[in-house]
Amino acid sequence: MLALAIALVGSAYLASNALRSLRSNDNLTVIGSSTRPIRSDFVIWRSSVSSQQTTLPLAYQELKRHSEKVQVYFKSKNIPNEAITLSAIDTQPIPETNINGVQTGRTIAYRLVQRFEVRSKDVDAITAIAQSSTELINDGLPFISEPAEYLYTELGKLRVDMISEATKDAKARGEAIVNVSGSRLGTIRKAETDVFQITARYSTEVSNSGAYNTTTIDKDIRAVVAITFAVE
């Protein structure tokens, strides 16, 4: 957030000039932050199979066989039925084109796609299954596995705790500045919170709209606040 970036510069300036410039009734803006490691506790894994044949019935029968094999595979890996969602079948007519690339109006084939979505709190188990799902490809299935998405479901409570920690950090920094100058940190006059940054572990990635990494199981979450204190 631009305001907090400006506040960060401002707080650095005040810190360097605190000994000679801080007086009673001045304001001091300080940046506070809090970072915690978190581990994803929920996973979403999407995959699909497809079939392309000259007629809809042929494509459907083949897709049905593919789908049944995938579901048998899921069952063999002990994925509960309630964790699996099957989408409606996506039907894509394949149009005929002439040598000039112009469609003739005829349909020469049909491509059907069945998508699967697995949602689970058993992050490690589903990750292992997703990684080993190439077994289906080796069996001749046109199986496509998408990268799993990793989420953390306790963000609501964690955000509150981290804002509190970041505020304490800002206060400690402010006190370190004013104590050296012989002043005292007073009441909070203004407080701003930046967007949370949830990134891969040890990443320096940031985003103005807030980062939320879903590609890694282990993440860092960072909260930043800008607190303006009265100086007494």
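One residue stands out among those in segment 189-232 that are open to solvent by 20 Å² or more (accessible area, probe 1.4 Å) and basic (K, R): the one that is farthest from W45 (Cα to Cα), which is R189.
Just one residue in the set R159, R173, R115 is of a type in the set (D, E, K, R) and over 30 Å from G32 (Cβ atoms); that residue is R115. Checking each residue in segment 21-76 for being under 30 Å from A172 (Cα atoms) and not in a strand (DSSP E or B) picks out S21, L22, R23, S24, N25, D26.
If you take the residues of segment 133-144 that are open to solvent by 20 Å² or more (accessible area, probe 1.4 Å) and touching a residue at least 24 places away in the same chain (Cβ under 8 Å), which of them is farthest from the chain's Cα centre (by Cα)?
First, pick out the residues of segment 133-144 that are open to solvent by 20 Å² or more (accessible area, probe 1.4 Å): 134-135, 137-140, 142, 144.
Imposing the further condition that a residue be touching a residue at least 24 places away in the same chain (Cβ under 8 Å) reduces the set to 135, 139, 142, 144.
Numbers: E135: 28, D139: 33, P142: 28, I144: 22 Å.
The residue in question is D139.
The values are calculated or read from the model by the stated rules, or taken from the named source; none is laboratory data. No experiment lies behind these values; they were computed from the predicted model shown. Neighbour counts run over all protein chains shown; Cβ positions are idealised from the backbone, glycine included. These accessible areas exclude ligands, DNA and RNA; they are computed on the full protein's heavy atoms, side chains included. Shrake-Rupley method; radii C 1.70, N 1.55, O 1.52, S 1.80 Å.
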